[in-house]
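Chemist: Could you have a look at this structure, given as structure tokens, before my questions?
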Amino acid sequence: MKASAFAYARATSVGNALELLAAHGGKAKVLSGGQSLMPAMNLRLISPELIIDIGEIGELRGIARRGEMLSIGALTRHVDLLKSPEIAVHSPLLTKAVAHVAHPAIRNRGTIGGNLAHADPASELPACMLALDATIVVRSQSGERRISAKDFFKGIYETALAADELLVAVELPGAPKNASCFFHEFARRHGDYAIAGLAAQATVKDGIFTDLRMVFFAVGDRPVWPNAVGKLVNAAITPALMVDISAALREELDPPTDQQASSTMRRHLAKVLMTRCVSTLLGRPDLDARAA
Ligand code: FAD
């Protein structure tokens, strides 16, 4: 199929993009890498009247260190994240995760801003944003808003972005010095969207989690940080506790059934991911073996 007819405008600056968004609001769509927008238009899932191409706005591109914080421009491509030495040092979770986003051809065009604005619940990056305590920076003609990642994702393909707002950057705070991370996903083939996945960042002292940000993806309508995970923090992790938490996780998650997997299978995979994550981050292979 082909997209419905649409008008096209190439924004020359952020100010110009915001003017266009203010004038056309809900009838316009921003074009970044086009890797999700164009397929959706070609399938006529959406038919915007105007496409606002922001691809030439240089100020939206790049990775900059500001003190302890890393600022990533919305147009920074997946491949740039993957190859960035700053991200590898500052937020290694993101480097691990982005290797699972699609394939090289898509990573060469797709952007972090487009990925987060698209808000696919099976996507790796939204979950990383919660695990890394990111702030999403959005702008409209009325000014700038800084939205915590945990408040940004509202549902399937739904975010806190208003129709006249542009996602301009993502800010990642510095991880604690002794932080470690875990990333794993189950997918039919490497590069496919996940059937179930987990992104986590933790600090561990004397075999105990002092902090644990454990966020699942593809098991709900947005990234999910279950309450059950809280029981792992400041607690001696025993096999009995893991059984309790697995049961609480099963109750708390409400994963979808689709062509890829049933809800029951996703619940099971989430338990496996949680167990592997705890076992890996604590260096406790005994916990994983007991769960098998
Ligand atoms: P676009 O397609 O240009 O835009 C996506 C949406 O975001 C549109 O609604 C657009 O209007 C809006 N938007 C874009 N930029 C902004 C902005 N700055 N401010 C406000 N709104 C904006 N993704 C994964 O995470 N994991 C995968 O495994 C994966 N596999 C894929 C496999 C295939 C075959 C394909 C085609 C895509 C896959 N993707 C996957 C999606 C890919 O990562 C996209 O690049 C990403 O989701 C969207 O980024 P984009 O820059 O292409 O955005």
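Chemist: Within segment 161-214, can you find the residues that are in a loop (DSSP other than H, G, I, E, B), more than 16 Å from the ligand (Cβ to nearest atom) and closer than 26 Å to Gly113 by Cβ?
Modeler: Pro173, Gly174, Ala175, listed by residue number.
Chemist: Residue by residue through segment 117-135, note down the ones that are open to solvent by less than 20 Å² (accessible area, probe 1.4 Å), among the small types (Gly, Ala, Ser) and either within 7 Å of the ligand (Cβ to nearest atom) or assigned to a loop (DSSP other than H, G, I, E, B) (or both).
Modeler: The answer is Ala119, Ala122, Ser123, Ala134.
Chemist: I'd like to check which helices (runs of 4 or more DSSP H) are fully inside segment 8-103 and have at least 3 residues that are outside the structural domain of Ser140 (by TED's automatic domain parsing).
Modeler: Hits in segment 8-103: 14-24, 37-42.
Chemist: Filter segment 136-148 down to the residues that are within 25 Å of Leu212 (Cα to Cα) and within 15 Å of the ligand (Cβ to nearest atom) and list them by number.
Modeler: Across segment 136-148, the qualifying residues are Ile136, Val137, Arg146, Ile147.
Chemist: State all residues of segment 259-292 that are at pLDDT 95 or above, open to solvent by 70 Å² or more (accessible area, probe 1.4 Å) and not hydrophobic (A, V, I, L, M, F, W, C); if no residue qualifies, say none.
Modeler: Thr264, His268, Arg276, Thr280
Chemist: Which residue out of Leu167, Leu161, Leu125, Leu132 is assigned by TED's automatic domain parsing to the domain that holds Gly67 and either on the phi > 0 side of the Ramachandran plot or touching a Pro at 6+ places or on another chain (Cβ under 8 Å) (or both)?
Modeler: Leu132
Chemist: Would you pick out the residues in segment 177-194 that are touching a residue at least 12 places away in the same chain (Cβ under 8 Å) and among the basic types (Lys, Arg)?
Modeler: Across segment 177-194, the qualifying residue is only Arg188.
Chemist: Next question, about the same structure. What number of residues within segment 99-139 are within 19 Å of Ala169 (Cβ to Cβ) and out of contact with any helix residue (DSSP H, G or I) (no Cβ under 9 Å at 6 or more places or on another chain)?
Modeler: 2
Chemist: Can you report the number of residues in segment 24-49 which are in contact with a strand residue (DSSP E or B) (Cβ under 9 Å, 6 or more places away or on another chain) and more than 11 Å from the ligand (Cβ to nearest atom)?
Modeler: 3
Chemist: Scan segment 1-37 for residues that are closer than 22 Å to Arg109 by Cβ and open to solvent by 60 Å² or more (accessible area, probe 1.4 Å) and jot them down.
Modeler: Met1, Lys2, Phe6, Tyr8, Arg10, Thr12, Lys29, Gln35
Chemist: Now for a different question. Return the residues of segment 140-198 that are of a type in the set (D, E, K, R) and open to solvent by less than 40 Å² (accessible area, probe 1.4 Å); say none if nothing qualifies.
Modeler: Glu165, Glu171, Glu185, Asp192, listed by residue number.
Chemist: Then there's this: When segment 39-88 is examined, which residues are found to be touching a residue at least 40 places away in the same chain (Cβ under 8 Å) and of a type in the set (Ser, Thr, Tyr)?
Modeler: Matches in segment 39-88: Ser47, Ser71.
Chemist: For segment 74-116, which positions are in contact with a strand residue (DSSP E or B) (Cβ under 8 Å, 6 or more places away or on another chain), within 12 Å of the ligand (Cβ to nearest atom), within 25 Å of Arg266 (Cα to Cα) and open to solvent by 10 Å² or more (accessible area, probe 1.4 Å)?
Modeler: Correct list: His100 only.
The values are calculated or read from the model by the stated rules, or taken from the named source; none is laboratory data. Treat the numbers as computed from the prediction; the structure is a model and nothing was measured. Every residue, glycine among them, receives a Cβ derived from its backbone with ideal geometry; neighbour counts consider all protein chains shown. Heads up: the accessible areas ignore ligands, DNA and RNA and are worked out on the full protein's heavy atoms, side chains in. Shrake-Rupley method; radii C 1.70, N 1.55, O 1.52, S 1.80 Å.
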